[in-house]
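Chemist: The structure is given below, and queries will be raised subsequently.
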Amino acid sequence: MTKVTMIVNGKSRSAEAEGRTLLVDWLREGLRLTGTHVGCDTTQCGACIVHLNGEPVKACSVLAQEVDGAEVTTIEGIAGADGTLSAVQQAFQDYHGLQCGFCTPGMVMAATSLLRENPRPSEAEVRHYLEGNICRCTGYHNIVKAVMAASGQDVPAVAAE
Amino acid sequence: MYDFELVKPASLQEAIEAMQAEDAQALGGGQTLLPTMKARLAMADTLVALSAIEEIKGICTDDDGRLCIGGGTTHAMVQRDCAESFPALASLAGRIGDPAVRNRGTIGGSLANNDPSACYPAAALACNATIVTQNREIAADDYFLGMFTTALEEREIVTEVRFPVPEAAHYEKFIQPASRFPLVAVFVAKYSDAVRVAVTGASSDGVFRWNEAEAALSGNFSEDAVKGLSAPDADGMISDLHGDGAYRAHLVKVMCARAVKACA
Amino acid sequence: MPKDTGIGASPKRREDVRFLTGKGRYTDDINLAGQAHVVFLRSDVAHGRITSIDTGAAEAMEGVIRVFTGEDFAEVGGIPCGWQITSIDGSVMQEPKHPVLAHGKVRHVGDPIAAVVAETRDQAKDACEAIEVEIESLPAVIDMKAAVKPGAPKVHDELAGNLCYDWGLVQENKEAVDRAISAAAHVTTLELVNNRLIANPMEPRVAVGDYTSHDDHSTLYTTSQNPHVIRLLMGAFVLGIPEHKLRVVAPDVGGGFGTKIFHYAEEAFCTFAAKALERPVKWTSSRSEAFMSDAHGRDHVTKIELALDAEHNFTALRTETYANMGAYLSTFAPSVPTWLHGTLMAGNYKTPLIYVNVKAVFTNTVPVDAYRGAGRPEATFQLERVVDKAARELGVDPVELRRKNFITEFPYATPVAVEYDTGDYHATMDKLLELIDRDGFPARRAGSEARGKLRGLGINSYIEACGIAPSHLVGQLGARAGLYESATVRVNATGGLVVMTGSHSHGQGHETSFPQVVADMIGIPEDQVEIVHGDTDKVPMGMGTYGSRSLAVGGSAIYRATEKVIAKAKKIAAHIMEASDEDIELKDGKFTVAGTDKSVAWGDVTLAAYVPHNYPLEDIEPGLEETAFYDPNNFTYPSGAYACEVEVDPETGKVEVLAFAAADDFGNVVNPMIVEGQVHGGLAQGIGQALLESCAYDADGQLLSASYMDYAMPRAHDFPMFAVDSSCRTPCTHNPLGVKGCGEAGAIGSPPSVVNAVIDALASGGHDVGHIDMPLTPARVWHAMHGGTPNQRAAQPAAHSEETTHDRSVAGAATNV
Ligand SMILES: Cc1cc2nc3c(=O)[nH]c(=O)nc-3n(C[C@H](O)[C@H](O)[C@H](O)COP(=O)(O)OP(=O)(O)OC[C@H]3O[C@@H](n4cnc5c(N)ncnc54)[C@H](O)[C@@H]3O)c2cc1C
Ligand code: FES
Ligand code: FES
């Protein structure tokens, strides 16, 4: 076991890690930051996406010791300190971009990166960027809508009578 | 995963030394190795992480005009930084996996692994790139020795890959819908003196050159030249859930024709 | 101005904030003090006799607390089945034992053989590999038709054979159906496979067992759609723990889609081991493990024949289906191909004579049970494919053929045992044609052709039966449980309400939509209503969420309990205002006396209920809390029309979905936003089934699609934006809200639209392909276009290949070591 320290959501945090400890387990078990999820074992679902030094990575496929000293942002670090949702989070709620919520942390982390790289993505660009994020509940329709809305583009309102 | 010791050399020299340990293995981006180790189908006593070695990262052009990509360069960096110097390669890198995978996975890892459905081997073979290690330079023509097998010796690290940039090139990828790796993909590279065509995803021997297409295209670089050929032999093609050998052989021809068309 | 509150509004979901900020609490987020971890050693062969298990070496390893085998469960019951089917000959179905850990034999890849409990998960995994098991391999039965042939190897030695039951509906009609088919002007026949699927909720299953010796209580935290059902099944049938000594908690659950209904061995194991070891025991499934231990869905092989008269009226329908049960009977497995499938074979049509035969078969595969739609997608697929094929054979418009045969008068008693209460199939069809712009299709097709692509439009109707109930009927049909729902509405002194519901939300948004109903009835803000679910210690009773029953059945229970609360509150209000009960009206959170200006606020009445100073104590008790059990007297019957527009690349066979439209009739709608979301999700699963997803075994029973590397999960760019509409409404006539279920419709109605569209596209290119089995992968479509029939007419949706992507990558990496 080695002590690993990272700046997580702006604060220096430490916990033990074996050589084989994955970043996602270090976060979930070491720091009890359970917002980052594990949905697969083949690096395909994206439920575990966090930002590592500002870039999205799959925390299930990064070793904790390898990124000792890095800056990590997890879903717990996305809303404002006062609890205000980020534009992406707010759009997911406004446009019903989540159902069971399991894929949601990864989706929000991925969408946040997309909008940083490409502030006004087209629908096709959103769909392509989310290649590594699987959602079983929403059929992606409202996720795509939410991401478009978060980028300030007009999207149809949610159904209501 | 079985446990292992992780070492993080900061220089190539340290990495070479670390690789001398009993049962040591290089860790590139971990996007293939870690899922495999999670399934307990691979193990090592020591993993030598290459990600802190700056000298094997990055892209430059050498005196011969070749594009030189460090073995530790991520797919995301190639996608971004080769967009002008070698657009076909940038586009290939930009279609590997997804953004998060591209931020970790490396060209060295992909070429060392030589998955029969990987993308980079097609580019390397079509361009007859040079694979550079701490010990030697290996021409792509001599490097790929069959599915998951390469000319690399144990402890050898891919430090750089040098691509002669073609006049025109295109990578046409038909995805396997589950893994999103290529079911079949074809890289066509046109040089002033030759056309080279490399195929991935199709053969159980891994990436290969489609000689008939190369011959036909060297005389007449057009879609029609490909359409005039018969598809390569289906024997020896991968046959699985996602397509049998005959289908893959057919796709080789279709993807090749499309790649040529896109070059124009 | 859209409504922003109450029934019909789309308020933002209140559960979203915790999910969006990482504060959801899923079962794997629960870690109890002193918790140990269990890892299961699972069979890697499909069928074999266990000749020896040596756990000695494993037990000696670091961190190992104990290794359990089948022997440890000798005193414990097996995993029970909740439904019994009676065969045509009057015999009851064959029901094999289903041990918690394999005993004697292993019967599918993934069957648990032993369980290692250790301090950490990695230690348990390490020790698992040290268990020495000898298994004598036996020939596996995978193909259903081969499994029921005389002399086939038996999955269960103690049973007469591999046929679980042979069921007919309605047996008395069989001869009449046979005669009508012989006499018909035209008969269209189709043989097809409904491909085996894996539900794949994104949250893998997890179970945490706990035991406290001071009060002899067991607790199970589990990823379940119905904690009370698990409490009953596991407590009464497996472990012998009375319900008052057992608590089952299903906290936030990351999707279910049916596969989290069932009681699984891992749940029983963790509860049992926690007591045996007096330590909490946790199991977290990996995705690979989920592929071989979560119940699978669908897997039917069917022959369907539709008879028509010279005017194209449907005169008779006959089907024969082989339904895969897998190696054991999962909780509701026997009901899926029978009562949830046979009863739907009338579809939207007034076919007078129908006969359905279903043979359920044991094979050496993972058990098969309900997956989103359960039986109804299989029924809809066959029927809507055969109708489409008939239209093509007769050269008539497929929409007109459907319209001609639509049921138009309600209630309508079908010849397959159910009565549709309402519906308007022409209305949803009209709406659909508008949504998909059918008139513009020829021009769009011409555009595709100009680009070298084949364009097709597939249209179909669907009806489904959901809100599964009533108890007296399902009891006659073999259910061993009631199918009511319960709700308790507790009003606090200050006027806020807590609603304890037996429904369980794992994505459906109950915390938002249920308060809409209650708040609307009382006329108070929704934030005054809190929903409690998923904990048997907090909610008196519940049957859970599946079969699109939450609002129709659970919501109706809430409605009834709220009615009772209001009735009592009116009595209190009448007393306070010195008026008669009958004159009290409740509106906007205020009680008034009709015809006067007297009023008293909701909060004053609720306060009076708990501070009964001025209170009719001689008539009613203090307090304001009511419970209702709602047991509906029929299913609800959502219906609609779906359309899919595709483009096929003739060079590769690749199908692209360009447009998908759905016009549904769900009766009244409480939250249109949530309803749309449910339809979107269902469509994605239905289109996924049609184009991408396939759970395949090879002939030896090895699971070929054993990870996301080979099981194609739909991604965002596999779909276009969907056009969905639920404005056509014929309210359900028998529940108080007039609602019908909406959770499964998308998955039920969409697969035939996709296949019909592809067949249409190919036909436009001169490829007269009668049918292609799902999933319509590029390879299958391309082969079909070239006269080949890969995987066609196989009795099993498996591919014929030894290799998988997963195997290949894994093998490669291993050789690199
Ligand atoms: C979801 C997903 C989708 C993917 N899709 C594609 C795709 O479409 N096309 C595609 O080509 N790939 C795809 N990949 C694989 C990806 O490109 C990997 O990044 C790559 O194959 C391995 O690179 P790595 O740096 O991650 O290597 P690692 O996983 O770290 O290592 C792989 C192997 O190479 C060795 N190795 C690593 N670096 C070196 C080096 N510099 N020198 C010598 N040996 C080394 C390791 O010891 C190991 O044996 C996908 C991966 C995932 C997870
Ligand atoms: S858990 Fe990391 S990609 Fe699925
Ligand atoms: S919201 Fe459930 S998986 Fe995406």
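Chemist: Using the Karplus equation 6.51 cos²θ - 1.76 cosθ + 1.60 (θ = phi - 60°), what ³J(HN,Hα) coupling, rounded to whole Hz, does each residue of the stretch B:227-244 give in order, writing x for Gly and Pro?
Modeler: Using θ = phi - 60°, the values come out as 4, x, 8, 8, 4, x, 4, 6, 5, x, 7, 5, 10, 8, 3, 9, x, 8 Hz.
Chemist: Quick check: pseudo-label points 7 Å beyond the Cα along Cα→Cβ at residue C:129 and residue B:145, how many nm apart are they?
Modeler: Computed distance between label sites residue C:129 and residue B:145 equals 2.6 nm.
Chemist: Continuing with the same structure: Between residue C:92 and residue C:768, what's the calculated FRET efficiency when r is the beta-carbon distance and R0 is 41 Å? Round to 0.05.
Modeler: In this case the efficiency is close to 0.35.
Chemist: If you take each beta carbon of peptide C:686-697 and count the beta carbons of other chains within 10 angstrom, what is the mean?
Modeler: 1
Chemist: Continuing with the same structure: List the residues whose amide H sits under 5 Å from the amide H of residue C:247, counting only those 5 or more places along or on another chain, with H placed 1.01 Å from N in the peptide plane.
Modeler: Those qualifying (amide H under 5 Å, at least 5 residues apart or on another chain) are C:218, C:219, C:220.
Chemist: Taking 2.2 N^0.38 Å as the expected size of a compact globular protein, what ratio does the Cα radius of gyration of chain A give against it, to two decimals?
Modeler: Relative to the 2.2 N^0.38 Å estimate, chain A comes out at 1.05.
Chemist: What is the projected area of the convex hull of the Cα atoms of the stretch B:5-49, averaged over all directions, in nm²?
Modeler: The orientation-averaged projected area of the Cα hull of the stretch B:5-49 comes to 2.9 nm².
Chemist: What longest region of chain C stays clear of GluC sites (Glu not before Pro) that DSSP places outside H, G, I, E and B and that have at most 13 other Cβ atoms within 10 Å?
Modeler: C:619-801
Chemist: Length gain on complete extension for the stretch residue B:220 to residue B:23, per 0.36 nm per residue less the alpha carbon to alpha carbon distance?
Modeler: 65.9 nm
Chemist: Additional query: Given bins 5 angstrom wide, list per bin the percent of all Cα-Cα distances in chain B, short to long.
Modeler: Answer for chain B: a P(r) of 1, 6, 13, 18, 19, 17, 12, 7, 4, 2, 1, 0 percent.
Chemist: Same structure again: Normalized C-alpha radius of gyration of chain C, against 2.2 N^0.38 Å?
Modeler: Ratio of Rg to 2.2 N^0.38 Å for chain C: 0.98.
Chemist: So what are the radius of gyration and Dmax for the Cα set of the protein assembly as shown, in Å?
Modeler: 30.7, 106
Chemist: Show me, bin by bin at 5 Å from 0, the whole-percent P(r) of the stretch C:69-215 based on Cα pairs.
Modeler: Computed distribution, short to long bins: 1, 6, 9, 13, 16, 15, 12, 9, 7, 5, 3, 2, 2, 1, 0, 0.
Chemist: Based on the alpha carbons, how large is the Rg to Rh ratio for the stretch A:2-77 when Rh follows Kirkwood?
Modeler: Taking Rh as the inverse mean 1/r over Cα pairs, Rg/Rh reads 0.91.
Chemist: Here is a further query. If a/c stays under 1.5 just call it rounded; otherwise compare a/b with b/c (prolate if a/b is bigger, oblate if not). Do that for the stretch C:110-196, with a ≥ b ≥ c from the square roots of the Cα gyration tensor eigenvalues.
Modeler: Judged from the Cα gyration tensor, the stretch C:110-196 comes out prolate (a/c at least 1.5, a/b above b/c).
Chemist: Take every residue in peptide B:248-255, count the Cβ atoms of other chains within 10 Å of its Cβ, and give the average of those counts.
Modeler: 3
Chemist: Given the rule -39500 (n - 2.57) for each run of at least 4 DSSP H residues, summed and divided by the residues of the protein assembly as shown, what is its mean residue ellipticity at 222 nm, to the nearest 500 deg cm²/dmol?
Modeler: -8000 deg cm²/dmol
Chemist: In whole Hz, what ³J(HN,Hα) sequence does the stretch B:160-167 give by Karplus (6.51, -1.76, 1.60; θ = phi - 60°), x for Gly and Pro?
Modeler: 7, 10, 10, 10, x, 7, x, 5
Chemist: Can you give the mean number of other chain Cβ atoms that lie within 10 Å of the Cβ atoms in peptide C:723-731?
Modeler: Partner-chain Cβ atoms within 10 Å, mean over residues of C:723-731: 1.
Chemist: Still on this structure: Please check chain B for the longest run free of GluC sites (Glu not before Pro) that are loop-located per DSSP (anything but H, G, I, E, B) and have at most 14 other Cβ atoms within 10 Å.
Modeler: B:168-264
Chemist: Express in nm, to one decimal, how much length is gained between residue C:598 and residue C:145 on full extension, taking 0.36 nm for each residue of separation and deducting their alpha carbon distance.
Modeler: Working it through step by step, the gained length comes to 155.6 nm.
Chemist: Could I get the Rg over Rh figure for the stretch A:87-150? Both from C-alpha atoms, Rh via Kirkwood, rounded to two places.
Modeler: Expressed as Rg/Rh, it is 0.90.
Chemist: Something else now. Quick check: pseudo-label points 7 Å beyond the Cα along Cα→Cβ at residue C:727 and residue C:159, how many nm apart are they?
Modeler: 5.1 nm
Chemist: Once you sort the root eigenvalues of the Cα gyration tensor of the stretch B:168-263 as a ≥ b ≥ c, which label holds: rounded (a/c under 1.5), prolate (a/b larger than b/c) or oblate (the other case)?
Modeler: Because a/c hits 1.5 or more and a/b exceeds b/c, the stretch B:168-263 counts as prolate.
Chemist: Can I ask one more? Going 7 Å from the Cα of residue A:87 along its beta-carbon direction, which residues of the stretch A:105-142 have the amide nitrogen within less than 14 Å of the resulting point?
Modeler: Residues A:111-122 qualify, since their backbone N sits under 14 Å from the label point.
Chemist: What ³J(HN,Hα) values, in whole Hz, does the Karplus curve 6.51 cos²θ - 1.76 cosθ + 1.60 give for the stretch A:103-114 when θ = phi - 60°, with x put for Gly and Pro?
Modeler: 7, 4, x, x, 5, 5, 5, 5, 5, 4, 5, 4
Chemist: Which of the pairs A:3/C:23; C:12/C:590; A:145/B:261; C:105/C:149; C:538/C:564; C:125/C:359 have their Cα atoms more than 28 Å apart in this structure?
Modeler: Checking Cα-Cα distances, A:145/B:261; C:125/C:359 exceed 28 Å.
Chemist: Still on this model: Would you kindly state how much longer the chain becomes between residue C:178 and residue C:494 on full extension, computed as 0.36 nm times their sequence separation minus their alpha carbon distance, in nm to one decimal?
Modeler: 107.1 nm
Chemist: Further question: Using a 1.4 Å probe on the protein heavy atoms, what percent of the accessible area of the protein assembly as shown belongs to carbon and sulfur?
Modeler: C and S fraction of accessible area: 49 percent.
Chemist: Kirkwood Rh, Cα Rg: Rg to Rh for the stretch C:597-682?
Modeler: 1.37
Chemist: While we're looking at this one, here's another question. Applying a 10 Å radius around every beta-carbon, put C:548-557, B:30-39 in order of their mean neighbour count, most first.
Modeler: Top of the packing list down: C:548-557, B:30-39.
Chemist: Determine the dipole magnitude for the protein assembly as shown: charges of +1 sit on the beta-carbon of Lys and Arg, -1 on that of Asp and Glu, nothing else is charged, the reference point is the Cα centre, and the result goes in debye to the nearest 20.
Modeler: 1460 debye
Chemist: Once you put a point 7 Å from the Cα of residue C:215 and another 7 Å from the Cα of residue C:443, both along the Cβ direction, what distance in nm separates them?
Modeler: 7.1 nm
The values are calculated or read from the model by the stated rules, or taken from the named source; none is laboratory data. It should be emphasised that the depicted structure is a prediction, and the values quoted were computed from it without experimental measurement. Using ideal geometry, Cβ is built from the backbone for each residue, glycine included, and neighbour counts are taken over all protein chains shown. For accessibility, only protein heavy atoms count, side chains too; no ligands or nucleic acids. Shrake-Rupley method; radii C 1.70, N 1.55, O 1.52, S 1.80 Å.
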